Amino acid sequence: MGKLWINATFYTMQAEGHSVDAIYTEKGKIVKLGSKEELESWLGNQIYEVIDCAGGIILPGFIDSHMHLIGHGESLKRVDLAQCNSYDEMISSMTDAVNQAKENEWIIGEGWDENQWKNTARFHKKDLDDLSSANPIVLKRACRHVYFVNSKVLEKARITEKTTIEGGQIGIDKNGKLNGLLYDEAVNAVLKAMPSPNEIYLTSALETAIKDCWNHGIVGVVTEDLGYYGNAINVLKSFEKILNKMPFFANLLIHHTVFEEIVPYLSNRSERLSFGGIKAFIDGSFGGRTALLSCPYQDNQSTNGLQVTSVQKLEEITKKAREYKVPVAFHMIGDLAVQQGIDVIQKYRNNSNLPDRLIHCELLNPTLVQKMKGLFAVIDIQSSFLYNDYPWLIERVGEERNQYAFLIRTLLKEGLQLANGSDTPIDSINPWLGMYTSITRKAKNGIPYNKEEGISIYEALQLYTTSSAASIGLEGIKGQLKEGYDADFQFVSHDPYLIDTEEVINIKCIKTIIQEEIVFEKEWD
């Protein structure tokens, strides 16, 4: 028996502002759209269920184009350091977790960002050692490209003052001793030292993360998790197990270090799971001054960032991707990293059915924009980053380079394919924060940056619906309310076309439907 959904404004995303007031769904698909009278006439004497939507505002379900699903589930269960306003507050925030920890249990804190603190801080592992010298303590920076750890972690990871790690850095104090800070590839030594999570841990994290996605109207994601939790096959099987019982879609990026393990499973695609590109990090982050720049940092002339993956290795990864006819997915934040990624992709052209993914691309220049136009690629932006990255980003790169930071309108005008995502748990999963910043270009301080790069609400919605769906081959299935598409949609608290743009950030999801099934619902006044 099908369902007739009536008495609502269904924004279809077929065209700007296009809406209908009723839709008919059956067997998880949208069968017909129109007015209540039209659909009732079309249905005739057919038996169906009528659902009165009480004047609701309804949009297609969102697709987050770049995130870490297991990592998000983990972060929801760990000590949240994102709201700390100082180094001392961060350290004291770990006290309860330390006191409650079992012997030898790893204690994890997530999300510190020294750029949000009132005072500068001198990090040193002795402060974590004072909390516990028996338990390993790991505090992950918001970008997850920098870890702050105690001596127990360094011991388990076998890191000393003499340790060198390709693509990574190890923090040293003024006395030549370890200070507990680890950068980029050096954090992988910690990940390898941590106990491999079992199936119960992985499936619990996934279930927690997916439920939180539903809370935000997110019905599918592009996610990278396969290279961080021990055996990649076990991680894959956890995805398969959870997606078999929970309505949700995941497109899995494959870290290049585990690609060979996943190759035999590339055909394990289903209605709820598919594989994306081979993932590699070209550089780090602006927060840790490890994003790779063509010229030194404005506030530290001694460095232009960190080459996480060498150009030679990038070529090897890309050739492997072309051999198996899959795309590449390159993390590249600084302009030099973007240049290197483009050069490799131009040399080894994409022969897959899906676009290569150029992830982040936070700092560009006119030449890079023009070079991107010839690629079969999608640019995975995270517009919400600018909410927290300004005004300190200008100190990092300077006013002249800043005019090419977080480009959106320029890229759309040049006809480039974009998709928007959160990179959660690096940043907030809330899609409306990403849309708010795309439209207003305003940071947390209320000041707009590069305001001319702002886009319309319709364009912002496209980057979470039609564009994200197309980037993973789901055009014709998800991203719109249209005949033959999955019955994936969400009720939202306010009409995004009618409210002031300043209020977009306050829009909330109040009900999420995936293939006709209500997976999330809450009361709304």
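Here, each number is a calculation from the coordinates, and none is a lab measurement. Since the structure is predicted, the reported quantities are computational estimates derived from the model, not experimental observations. A quick note on method: Cβ atoms are made from the backbone with ideal geometry, for glycine too, and the neighbour counts reach across all protein chains shown.
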Kirkwood Rh and Cα Rg combined as Rg/Rh, region 1-84: 1.20
Fewest first, what order do 357, 441 take by the number of other Cβ atoms within 10 Å? 441, 357
Residue (of 12, 153, 410) at the positive-pole extreme of the chain, dipole from beta-carbon charges: 153
Looking only at lysines whose Cα falls under 24 Å of residue 508's and that sit 8 or more positions away or on another chain, we get 77, 211, 442, 444, 478, 482, 522
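Looking only at the chain, where both bridge partners belong to it, what percent of the DSSP beta bridges are antiparallel (to the nearest 5)?
Around 45 percent of the beta bridges assigned by DSSP in the chain are antiparallel ones.
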Just round it to a whole percent: the fraction of Cα-Cα distances in region 217-324 exceeding 19 Å. 55
Dipole magnitude of the chain about its Cα centre, charges +1 at Lys/Arg Cβ and -1 at Asp/Glu Cβ only, in debye to the nearest 20? 1400
Report, in whole Å, the centroid distance computed from the Cα atoms of region 277-335 and region 75-150. 27
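Fewest to most neighbouring Cβ within 10 Å: what's the order for 213, 509? Each step should come with its number before you reach the end.
On the way: 213 31, 509 25.
Going from least to most buried by this count: 509, 213.
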Under 5 Å, built H, 5+ apart or other chain: amide partners of residue 383: 421
Tally Lys and Arg at +1 and Asp and Glu at -1 over the other residues with C-beta under 9 Å from the C-beta of residue 478: what net charge comes out? -3
Can you list the residues, at least 5 places off or on another chain, whose amide H is less than 5 Å from the amide H of residue 285, using H built in the peptide plane? 290, 291
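Please state the relative contact order of the chain as a whole percent: Cα pairs under 8 Å, 6+ residues apart? Don't skip to the answer; put the middle values down first.
Details: 1164 pairs, mean separation 88.0, N = 525.
It comes to 17 percent, rounded to a whole number.
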Using Cα positions and a limit of under 12 Å, work out the aspartates and glutamates in reach of residue 118, with same-chain residues fewer than 8 apart set aside. 88, 89
Once phi is turned into ³J(HN,Hα) by the Karplus curve 6.51 cos²θ - 1.76 cosθ + 1.60 with θ = phi - 60°, what whole-Hz value does each residue of region 167-176 show in order, with x for glycine and proline? x, x, 9, 10, x, 10, 7, 5, 9, x
Per DSSP H run of n ≥ 4, the term is -39500 (n - 2.57); total these for the chain, divide by its residue number, and report the mean residue ellipticity at 222 nm rounded to 500 deg cm²/dmol. -8500 deg cm²/dmol
Largest-first semi-axes in Å of the equivalent ellipsoid built from the Cα gyration tensor of the chain are 39, 25, 23
Straight-line reach from residue 319: which lysines have Cα under 30 Å away, leaving out those fewer than 8 places along the same chain? 192, 237, 279, 347, 371, 373
Arranged by the count of other C-beta atoms within 10 angstrom, fewest first, what order do 166, 453 take? 166, 453
Find, to one decimal place in angstroms, the Kirkwood hydrodynamic radius of region 72-193, where the mean of 1/r is taken over every pair of different Cα atoms and then inverted. 14.4
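So what is the relative contact order for region 1-90, in percent, with contacts set as C-alpha pairs under 8 Å and at least six apart?
30
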So what is the orientation-averaged projected area of region 369-435, using the convex hull of its C-alpha atoms, in nm²? 5.1
Distance cut-off 23 Å, percentage of C-alpha pairs in region 299-386 lying past it: 22
